[in-house]
Amino acid sequence: MRKALRWLLALTVLIGTLGTTGAATAADVAGTDSTTDIKERLLSIPGMSLVEEKPYTGYRFFVLNYTQPVDHRKPSKGTFQQRITMLHKDVSRPTVFFTSGYNVSTTPRRSEPTQIVDGNQVSLEYRFFTPSRPAPADWSKLDIWQAASDQHRVFTALKGIYGKKWISTGGSKGGMTATYYERFYPRDMDGVVAYVAPNDVVNKEDSAYDRFFARVGTEECRARLNGVQREALVRREPLEKKYAAYAQDNGLTFNTIGSLDKAFEATVLDYVWGFWQYSLLKDCDQIPADAKNATDDEIWTSVDTISGFSAYADQGLTTYTPYYYQAGTQLGAPTIRFPHIEKQYIRYGYQPPRNFVPRDIPMKFQPSAMRDVDTWVRHNARHMLFVNGQNDPWSAEPFRLGKGAEDSYVMTAPGMNHGANVAGLVPEQKALATARILDWAGVATSSVQADPQAAKPLAKFDAKLDKRDTQREMTLRP
């Protein structure tokens, strides 16, 4: 979402190097130059260690650990190993800094901007997602500034090797992460491409989501989804018996959320959201058309396929504790209404993130965090591209640009869900977005500079390398 520790070496070289802006770079290490093998150059960075190298044609792919301070404000107070991967093409190419906001994939993958600029890609695992979690875990050190400072140190360490232009990117929580990084360290990157990044400025005001669900797709599709969701709650008793058997068969427990009943309702209330997040309008044909006359098995299967009945069990929540912690302390979380379901069928409503995090982890919401980022983006965005999906619930509260924004854009891919990308934009916007990314990366040709509509990705599509890994665990999160 494994540790190869070199504590003695790390602690030796960390003395005097672990400041917020004081990460040692490869250029600081004697005996390394452009003729040295890239693996040696990477491992010459203080605090960098190799987990493994995996072959991929045309690239070198490394899984690495990098020693980070638990607290960038007090770097002497302990360190942890943060996992990163490096898809190396050539130091003469631009570099894309990717984060999903969750675990890092240890399979070679190339984000869309990396394909567009034909560059290198460093991918970072978000702090506190295992194995990149300090031990013991001081959860107060999991916030957007600390995470941005992780990125800043990795960038500073690698810039001595990868000296060309840098673009940061990420989708969903990764898009949020790229945006927060830009807010706190605006001089690091030459451009930002943030995909489907939610912007919950005022946590208690979520009417935008209600408006979204009232008009998304078609009336027929909405009626099908609403019917199944309501019917699942009407049939709570028989379906919870089925859920109890399912939990027993799969060893599921419900200590964190509190009960099977709470987990059941949370899963059912995710159903409509989950459909639009991950499915397309054409997929409505797979939803039971007449929910009232559907069998219990048909209702169960549809909800389980889209929402996943393991999502709110302890076993489903554990991996994503860091996300729910952040949702309940800084990021915010949506609360929506269900006008198609009578009140007597809803016992808990959309439950707060506090219900999904173990009670021994303290949480306090900071309402100023998202307001600060939103204000900064509106007035200071520079070389930033936000790509949203027309039918993606998370795009109902998007980032917006103000008069102070420079060479920045918000674009929406028609009919697309939470997988919206530049390729899904209308042709004119697709070309413009591609041209700006190429320009920010310093690889736009004179013909593209003269006519942005001529812009195309520099690298050919690779079915394996360009496969989009979707962070889908059947639970309501970006």
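The values are calculated or read from the model by the stated rules, or taken from the named source; none is laboratory data. Predicted model, so just to flag it, every value in this text is computed and none were measured. So basically every Cβ, Gly included, is an ideal-geometry build from the backbone, and we count neighbours across all protein chains shown. Side chains are part of the model used for accessible areas, which takes the heavy atoms of the whole protein and leaves out ligands, DNA and RNA. Shrake-Rupley method; radii C 1.70, N 1.55, O 1.52, S 1.80 Å.
Some values worked out for this structure:
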quantity: Accessible heavy-atom area order of D297, D304, highest first, probe of 1.4 Å; calculated: D297, D304
quantity: V426 - accessible surface, heavy atoms, 1.4 Å probe, Å² rounded to 10; calculated: 60 Å²
quantity: Kirkwood hydrodynamic radius of the range 131-254, from inverse mean 1/r over distinct Cα pairs, in Å; calculated: 19.2 Å
quantity: Within the chain, percent of DSSP bridges classed antiparallel, to nearest 5; calculated: 50 percent
quantity: Rough spin-label spacing in nm, given labels placed 7 Å along Cα→Cβ, for R382 and K467; calculated: 4.0 nm
quantity: Net length gained if the chain between E406 and K343 were fully extended (0.36 nm per residue, minus Cα distance); calculated: 17.9 nm
quantity: Approximate spin-label separation R73-T106, in nm, with each point projected 7 Å along Cα-to-Cβ; calculated: 3.4 nm
quantity: The range 230-298: Rg to Rh, with Rh as the Kirkwood radius over Cα pairs; calculated: 1.00
quantity: Protein-only accessible surface order, largest first, of R378, R41, R215, R187 at 1.4 Å; calculated: R187, R215, R378, R41
quantity: Heavy-atom SASA rank of V196, V443 (probe 1.4 Å, accessible area, largest first); calculated: V443, V196
quantity: Quarter of the Cα convex hull surface for the chain, i.e. its orientation-mean projected area (nm²); calculated: 22.9 nm²
quantity: Between the range 402-426 and the range 43-113, the Cα center-to-center distance that results, in Å; calculated: 27 Å
quantity: Accessible carbon and sulfur surface of the chain relative to its total accessible area, %, 1.4 Å; calculated: 50 percent
quantity: Heavy-atom surface of the chain, accessible at 1.4 Å and reported per residue (Å²); calculated: 42 Å²
quantity: Label point distance in nm, A245-R359, each placed 7 Å from Cα along Cα→Cβ; calculated: 3.2 nm
quantity: R354 accessible area, 1.4 Å probe, all protein chains in place, Å² to nearest 10; calculated: 50 Å²
quantity: Area accessible to solvent at V272, 1.4 Å probe radius, in Å²; calculated: 20 Å²
